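A short write-up of the structure that comes next.
What follows draws every value from the coordinates through simple rules; no lab data is involved. Here the structure is a predicted model, which means the values were calculated and not measured. Counting neighbours? That spans all protein chains shown, and the Cβs are built from the backbone with ideal geometry, glycine included.
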Amino acid sequence: MDKILDIKDLHVSFVTYGGEVQAVRGVNLELYKGETLAIVGESGCGKSVTANSIMKLIPSPPGKIKHGSIHFKGKDMTKLSNKEVRKIRGVDISMIFQDPMTALNPTLTIGDQLTEGIKQHRKISAKQANHHAIDMLKLVGIPNPDERMKQYPHQFSGGMRQRIVIAMALICEPELLIADEPTTALDVTIQAQILQLFQKIQRETGVSIILITHDLGIVAKVANRIAVMYAGKVIETGTRQEIFYHPNHPYTQGLLNSVPRLDQKGERLIPIDGTPPDLFAPPEGCPFTARCPKAMEVCSRIYPFQTELSQTHAVECWLQDERAKKYIASS
Ligand code: SF4
Ligand code: MG
């Protein structure tokens, strides 16, 4: 499979009056053509910062990519000028955020907003742009698209607005779509419909998708692979099956125990006690130590190496690492 995105050893910090927040601390991620990768973790774990780094959307100052590379189709996004990134943004890579209202202009019709993007980036007539916009509205399941093109955002429900935002993001046929908590503002039934829509879009357009969420439950159906983030690090990656049926990291196990599962009716949900560490002064060792029911002496001192459990499944936890014994013995 073709790799379209390759993030290597990414470090991103924010300098504040209180000190430097190390929001992303050595993230490695890959994305293959046509797949959906879910990045999952609690708020503040660095998932949005990672996604925003891809698009060079880290406000600087206070933010800064301190180290690492982000190759998109062979080009290192971290090395491109703002002008070069603008050519990629919205065309090759599109992004969708949680609140559809902030992405829509209340004073313009849906039709004007949809065609604006494509007219900016492609040499096409107004009529062609219109046709294309109507096709996009059909793709995202807006009924009577011809009529709806003339309406304003307030004339649509929240779920419909998010569909329109998705249509806008897709209008230039991007190769990568990044959706940051795209269903969090919606009620549960609408959430499910929007997630199904992502699957349909992927089938029909072949777009690669990064889906960012704090809710492991919602990715159970749509993700091909899952990366679990904690305290600025990717602590476990695997296929959906590996993460749901063979979760290895105690944090991933904790996350799974805290979401309702369709296949385990009646099981009690157990929240993970405690809070993530302060990223002004992240711990030297495993950042989950203070909350981990299986923590060992070595955990708080040394960050665990990555262990590959299969070709697709990797974890950063001492429990899986033979070398843990050696570190305990020699300490
Ligand atoms: Fe728990 Fe240690 Fe594994 Fe961290 S490295 S998750 S503290 S067992
Ligand atoms: Mg976020």
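Going by C-beta contacts inside 10 Å, put 188, 228 in order with the fewest on the left.
Listed from fewest to most nearby Cβ atoms, that is 188, 228.
If R0 is 25 Å, what FRET efficiency do you get for residue 146 and residue 189 from their C-beta distance, rounded to 0.05?
In this case the efficiency is close to 0.40.
Rounding to the nearest 20 debye, state how big the charge dipole of region 7-149 is about its Cα centre with +1 on each Lys and Arg Cβ and -1 on each Asp and Glu Cβ.
The dipole magnitude comes to about 620 debye.
When you have a sec, figure out the Kirkwood radius of region 4-134 from all distinct Cα pair distances and drop it here in Å to one decimal?
So the Kirkwood estimate lands at 16.8 Å.
Go through 238, 158, 282 and say which Cα lies farthest out towards the positive end of the charge dipole of the chain; charges sit on Cβ, +1 for Lys and Arg, -1 for Asp and Glu.
158
Considering the dipole of the chain built from charges on the beta carbon (Lys and Arg +1, Asp and Glu -1) around the Cα centre, which of 51, 31, 78 is farthest to its positive end?
Result: 78.
Once you wrap a convex hull around the alpha carbon atoms of the chain, what is its projected area averaged over all directions, in nm²?
18.7
Find how many whole Å separate the alpha carbon centroid of region 177-225 from the alpha carbon centroid of region 74-118.
What the calculation gives is 19 Å, centre to centre.
Wrap a convex hull around the Cα atoms of region 12-80, take a quarter of its surface area, and give that in square nanometres.
Averaged projected area of region 12-80's Cα convex hull equals 5.2 nm².
Please give the helix 158-170 orientation as an angle from the longest Cα principal axis of the chain, in degrees from 0 to 90, rounded to the nearest 10.
90
With the Cα gyration tensor of region 130-214 giving a ≥ b ≥ c as the square roots of its eigenvalues, does the rule (a/c under 1.5 for rounded; else a/b larger than b/c for prolate; else oblate) give rounded, prolate or oblate?
oblate
Let's see if you can work this out: charge +1 on each Lys and Arg Cβ, -1 on each Asp and Glu Cβ, no other charges. What is the dipole magnitude of the chain about its Cα centre, in debye to the nearest 20?
In total the dipole reaches around 680 debye.
For the residues 251, 17, what sequence is obtained by ranking on other C-beta atoms within 10 Å, fewest first?
17, 251
Taking the beta-carbon count within 10 Å as an exposure proxy, list 316, 173 from fewest neighbours to most.
Exposure proxy ranking, most exposed first: 173, 316.
Roughly how big is region 211-331's charge dipole about its Cα centre, with Cβ charges of +1 (Lys, Arg) and -1 (Asp, Glu), in debye to the nearest 20?
Magnitude of the dipole: close to 180 debye.
Along the charge dipole of region 194-275, Cβ charges K/R +1 and D/E -1, which of 256, 269, 198 sits furthest on the positive end?
Toward the positive end, the furthest listed residue is 198.
Could you list log10 I(q)/I(0) for region 66-189 at q = 0.23 Å⁻¹, which the Debye formula gives when each Cα is one point scatterer?
-1.36
Tell me the mean residue ellipticity at 222 nm calculated for the chain from its helices only (DSSP H runs of n ≥ 4, each -39500 (n - 2.57), averaged over every residue, nearest 500).
About -8500 deg cm²/dmol.
Net charge around residue 315, counting only other residues with Cβ within less than 13 Å of its Cβ (Lys, Arg = +1; Asp, Glu = -1)?
Its environment carries a net charge of -3.
Just the Cα atoms of region 167-219, one point each, no solvent: what log10 I(q)/I(0) does Debye give at q = 0.15, 0.18, 0.31 Å⁻¹?
Here log10 of I(q) over I(0) equals -0.40, -0.58, -1.39.
Over all directions, what mean area does the Cα convex hull of region 170-257 project, stated in square nanometres?
With the hull built on Cα positions only, its mean projection is 6.4 nm².
What number does region 176-331 give for Rg over Rh if you use C-alpha atoms and the Kirkwood radius?
1.01
Using Cα positions and a limit of under 15 Å, work out the aspartates and glutamates in reach of residue 233, with same-chain residues fewer than 8 apart set aside.
Reachable aspartates and glutamates: 9, 30, 42, 278, 284, 316.
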